[in-house]
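Novice: I'd like to ask you about the structure that follows.
The values are calculated or read from the model by the stated rules, or taken from the named source; none is laboratory data. The structure displayed is predicted, hence computed values, not measured ones. All Cβ positions, glycine included, derive from the backbone under ideal geometry; neighbour counts span all protein chains shown.
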Amino acid sequence: MAQIFCRFNDRHKNFKSITVLNHYYPNYNIKLAQTKKFSEEFFVKYNPYLKKYLNCQQLQPSNITEILGHLLQIEDAHTMQPYCSLRLNGIKAKKSGKKRLEFEMKKKPNINIDDVLSFKTDEVVFVPRQSTAFAQSGIKFPIDLLTVHGHENVNTDDELRRHVRVLETVKKNTVYVKKITKKCPDFDLKKSYDIIFRPNRFNFRVQHRALELLDILSCGYVFPPANLTKVIGTTDDSLEIINKQICGNPEQIQAVKRIVAGANPYAPYIVVGPPGTGKTTTIVEAILQLYISMPSCRILITAGSNSACDTVALKICELFQSNPRLIEISRQRIKLDEKGKAEPPKDMLRLFSSSWVEKTGYKNINPLIEKNANFENGKVVSPAVNVLMQYQILVATLCTMGRLRTGILGHWPFTHVFIDEAAATTEAEALVAITSINTTKCRVIMSGDTKQLGPVVMSRVAGELGLKNSLMKRLLERECYAVKEDGTYDRTLQTRLLRNYRSHPEILRLFNHLYYKDELIAEVKMDTLKYWDELQILPNKKFPIIFEAVYGRLGQSKSSQSSYNQAEVNKVIWLVHKLQKHADLNQIGIISPYRLQCAKIKEILNIRKLKGIEVGTAELFQGREKAIIIVSFVKSFSHLGFVTDPQRLNVILSRAQSLLILVGNPETLKSNGDFEYLIGECKRMETFHKIN
């Protein structure tokens, strides 16, 4: 279960299994505090470190391991809690085809299992009645039921043996699980079993292990002092830039030159990239310049999400395929095997986890990425560490790197680690990468934007206590990263990109004023933007932002905490029909803060066969762009809640290139200052539409 079982094949040799991690379950005091809803008075009683931390909420070298470890346990306990309510008793499973089992599951009141379960990764435990009776007396807290039990490791034919399978999916009231693998033998389907659903906790485990490693290492690298030692030396002015589009951008050029010449070795180098300013273009250029100038370099590119990894990997793949200079260098570096035959290029490997590919689908991976990934005959293979280090550029998520870190002793021999979307990862997640390398020999480059969406934290308590803060955010608040009143800063530690190449100047002006102190510069080429001159709903062609006033009623699902607004759904569909005459549907993106609203919009789009439109929350669209963005804010005559979150609203406003349409109740939204400004601008520019 917790191991990677590696296969041999012709392309990737020397495979091996990887050592099992500790489980790092929440401790007794965390579980006890959870029963008291983590009341501050009760919680600090058992945690002196947290009591001191609450007075200032500042991480220090002396408390970082203890504090982040406790916050991770709170988040972990919060995540496990809903699974306790899904327990089933006296269930008989049956075969479903050759590779699956199925069993019936009655709906649980007030629980939407789609909000709890994670298909392809969560586990289903079949517990014999004898094992249940044997273990019941030792259960003190509900989440104790979800821990790995000793009866999972007994002999196959033992009547106490618990059988663990991976959850495939749930359709209506039927649960489907994987049936048999060589390492998971079949069991007696004639017997009844109690069923336990439990989450895959691997990401928590690798973060806890990173904190342990940080406790051993010096914390000075992630707590740089104000008088940080300056870097000696100058940047290389003779670089031959690959992407000529950045040549006119002084901030991008400065970042590339500094990274190649050598960033400050005593703290991470940070590229601050507001929306549309070419953050990904900048780091890709820096990575390829390192590849060219340092044949012995070993570069890790990592991020919290697979989508962020794919964005960087695809740009690199495209340039390796199209740029003559890179093609020639790659050809020169090809090695011969023992028989004198040329081996496949080892320029870049996009490393996927098998669970993620199985969950999302192999066919959804870009073909160009697939050619440079750990696939063989359409299946994921897992190269050993010595094989991975033959590649100059390795791209993998932080969780995957944490898994691989288990298989080696000492540090990964990387020369450079790039952590992309670093503002959207928790500090403990970022430490998975940083504690895997020797920071005296490896440069760490972080990129992102702290004014866009931060880390996803499910526990309100853990989030408010600081788990939702990123390492990038904390570093930028330290004195050595400070920006002076005249706008200058230490360029050996960071670069702040300013030039926006995505959005119409008027669209940029909105989020620039609200969130960036009007510092961003519009550089978009107006002739590249799409225009819809015949669009009747846009009376002011110079101001491509519309506010559609809709006074709908808020609706909620009985089995979910999410919300919807049917009147706004209808308005969004009406807008799509209006736009359909002038724009391709794949140019349109629809954003709503609420998943239920997204689901209802998707349903009607499918019924009306309006295909090609992407619909999702702000989290889906972060790092993305569309020519047209329609936003449904949902909330009407109610508290606004997280709709007013400035990071979320910043993402929403900054996705559109040419046309931005906002749909909502102005009377409700204007109670927030940011919305009041947006509505006021649309009224001033005569693009505020109100139904009479």
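Novice: Could you grab me the full set of residues in segment 513-555 that are polar (S, T, N, Q) and either in contact with a helix residue (DSSP H, G or I) (Cβ under 7 Å, 6 or more places away or on another chain) or in contact (Cβ under 8 Å) with a residue 12 or more places away in the chain (or both)?
Specialist: At the first step, the residues of segment 513-555 found to be polar (S, T, N, Q) are 528, 536, 540.
Those that are polar (S, T, N, Q) and either in contact with a helix residue (DSSP H, G or I) (Cβ under 7 Å, 6 or more places away or on another chain) or in contact (Cβ under 8 Å) with a residue 12 or more places away in the chain (or both): GLN536, ASN540.
Novice: How many residues does segment 412-439 contain that are assigned to a loop (DSSP other than H, G, I, E, B), free of Cβ contacts under 8 Å to residues at least 60 places away in the same chain and in contact with a Gly (Cβ under 7 Å, 6 or more places away or on another chain)?
Specialist: 0
Novice: Right, another one. Has segment 229-237 got at least one residue that is in contact with a Pro (Cβ under 8 Å, 6 or more places away or on another chain) and touching a residue at least 40 places away in the same chain (Cβ under 8 Å)?
Specialist: Residues of segment 229-237 in contact with a Pro (Cβ under 8 Å, 6 or more places away or on another chain): 231.
Those left that are additionally touching a residue at least 40 places away in the same chain (Cβ under 8 Å): 231.
The answer is yes; a qualifying residue exists.
Novice: Any residue that is in contact with an Asp or Glu (Cβ under 7 Å, 6 or more places away or on another chain) and buried (at least 24 other Cβ atoms within 10 Å of the Cβ) - is there at least one of those in segment 369-381? Outline the logic, then answer.
Specialist: Here is the first cut: in segment 369-381, the ones in contact with an Asp or Glu (Cβ under 7 Å, 6 or more places away or on another chain) are 369.
So of that shortlist, the ones also buried (at least 24 other Cβ atoms within 10 Å of the Cβ) come out as none.
No: zero hits.
Novice: Please work out if ARG460 is surrounded by fewer than 23 Cβ atoms within 10 Å (Cβ to Cβ) and in contact with a strand residue (DSSP E or B) (Cβ under 8 Å, 6 or more places away or on another chain). Before the answer, list the steps.
Specialist: Details: surrounded by fewer than 23 Cβ atoms within 10 Å (Cβ to Cβ): yes; in contact with a strand residue (DSSP E or B) (Cβ under 8 Å, 6 or more places away or on another chain): no.
So ARG460 fails the test.
Novice: Now for a separate question. All but one of (1) farther than 24 Å from ILE111 by Cβ; (2) of a type outside the set (A, V, I, L, M); (3) touching a residue at least 12 places away in the same chain (Cβ under 8 Å) hold for GLN58, so report the exception by its number.
Specialist: Result: GLN58 passes all but (3).
Novice: Just for segment 60-69: of the residues that are touching a helix residue (DSSP H, G or I) at 6+ places or on another chain (Cβ under 6 Å) and either surrounded by fewer than 22 Cβ atoms within 10 Å (Cβ to Cβ) or not aliphatic (A, V, I, L, M) (or both), which one is nearest to TYR25 (Cα to Cα)? Break it down into steps so the answer makes sense when it comes.
Specialist: From segment 60-69, those touching a helix residue (DSSP H, G or I) at 6+ places or on another chain (Cβ under 6 Å) are 63, 65-69; that's our starting set.
Okay, now just the ones that are also either surrounded by fewer than 22 Cβ atoms within 10 Å (Cβ to Cβ) or not aliphatic (A, V, I, L, M) (or both), so 63, 65-66, 69.
Values: ASN63: 20, THR65: 16, GLU66: 15, GLY69: 11 Å.
By that ranking, first place goes to GLY69.
Novice: Let me ask another. When you look at SER436, is it within 21 Å of the chain's Cα centre (by Cα) and either modelled with pLDDT under 95 or outside the structural domain of THR280 (by TED's automatic domain parsing) (or both), yes or no?
Specialist: Numbers: within 21 Å of the chain's Cα centre (by Cα): yes; either modelled with pLDDT under 95 or outside the structural domain of THR280 (by TED's automatic domain parsing) (or both): yes.
Criteria met by SER436.
Novice: Another question, then. Any residue that is touching a Pro at 6+ places or on another chain (Cβ under 6 Å), β-branched (Val, Ile, Thr) and in the same structural domain as TYR516 (by TED's automatic domain parsing) - is there at least one of those in segment 638-654?
Specialist: Scanning segment 638-654, I find at least one residue that is touching a Pro at 6+ places or on another chain (Cβ under 6 Å), β-branched (Val, Ile, Thr) and in the same structural domain as TYR516 (by TED's automatic domain parsing), so the answer is yes.
Novice: Right, something else. Which pairs turn up if I take residues in segment 440-451 that are without any contact (Cβ under 8 Å) to a residue 40 or more places away in the chain and look for partners that are crowded, with 20+ Cβ neighbours inside 10 Å and of a type in the set (Phe, Trp, Tyr) with beta carbon separation below 9 Å, at least 6 apart in sequence or on another chain?
Specialist: LYS441/PHE414; CYS442/TRP412; CYS442/PHE414
Novice: Then there's this: Given the criterion hydrophobic (A, V, I, L, M, F, W, C) and farther than 27 Å from ASN672 by Cβ, identify the matching residue among ILE630, ILE590, ILE613.
Specialist: Details: ILE630 fails: farther than 27 Å from ASN672 by Cβ; ILE590 fails: farther than 27 Å from ASN672 by Cβ.
Result of the check over ILE630, ILE590, ILE613: ILE613.
Novice: Return a yes/no flag: does segment 350-362 have any residue that is closer than 23 Å to ASN203 by Cα, assigned by TED's automatic domain parsing to the domain that holds LYS244, surrounded by fewer than 20 Cβ atoms within 10 Å (Cβ to Cβ) and of a type in the set (Val, Ile, Thr). Write out each step before concluding.
Specialist: Step one: filter segment 350-362 for residues closer than 23 Å to ASN203 by Cα, giving 350-362.
Now restrict to residues that are assigned by TED's automatic domain parsing to the domain that holds LYS244: 350-362.
Okay, now just the ones that are also surrounded by fewer than 20 Cβ atoms within 10 Å (Cβ to Cβ), so 354-356, 358-362.
Still in the list and also of a type in the set (Val, Ile, Thr): 360.
Yes: one or more hits.
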